[in-house]
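One structure is given here, and the rest of the page talks about it.
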Amino acid sequence: SARWLAVVHSGCEAVSSVLDDAGRTVSLKTEPVETAAEAARRAVLDLRSEEAHGVVAFSNEAEAVACLANREACCRAAAVRTVADVRRVQNSMGCNLFVVNASGLGFFELRNLLKSACSGGAPGAPAGWK
């Protein structure tokens, strides 16, 4: 089964609750970090070392985390806010790092988003992706 890592830069109480809930159904290791740059670095290191098949990062600087992570060839990162966003980037780019700005999202929205991100197994790059 796919191994997923959760990196938490910033979030809300709902993020902690969702990660606790998800731990029962998904192989999920959670790591707290202090900055957006550290969130990107932690995700890239885990993807490069194959510690995780994919990463879901929570940050109020989601776009910055995705941008910094995408500087590395092993990473296909996207900022997402909805399950539809997750599915779109899974299909278009085989996303292996989903970065979520959780502000304003409730427990059920975050749970569904996390479940959708982690349910596809190990993500693969589309044909011809460099």
It is to be established whether one or more residues within the stretch 96-114 are among the aromatic types (F, W, Y), assigned to a helix (DSSP H, G or I) and either touching a residue at least 12 places away in the same chain (Cβ under 8 Å) or open to solvent by less than 20 Å² (accessible area, probe 1.4 Å) (or both).
yes
Failed criterion for A52 (all others in (1) surrounded by 15 or more Cβ atoms within 10 Å (Cβ to Cβ); (2) at pLDDT 90 or above; (3) of a type in the set (G, A, S) hold):
(2)
Within the stretch 62-74, is there a residue that is over 13 Å from the mean Cα position of the chain (by Cα), over 16 Å from W4 (Cα atoms) and basic (K, R)?
yes
Can you name every residue in the stretch 26-66 that is in contact (Cβ under 8 Å) with a residue 40 or more places away in the chain and assigned to a loop (DSSP other than H, G, I, E, B)?
V26, E51, A52, H53, S59, N60, E61
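The values are calculated or read from the model by the stated rules, or taken from the named source; none is laboratory data. Just so we're clear, the structure is a prediction, and the values are computed from it rather than from any experiment. Neighbour counts are summed over all protein chains in view; Cβ atoms, including those assigned to glycine, are modelled from backbone coordinates with ideal geometry. To get the accessible areas, we keep the full protein, side chains included, count just its heavy atoms, and leave off ligands, DNA and RNA. Shrake-Rupley method; radii C 1.70, N 1.55, O 1.52, S 1.80 Å.
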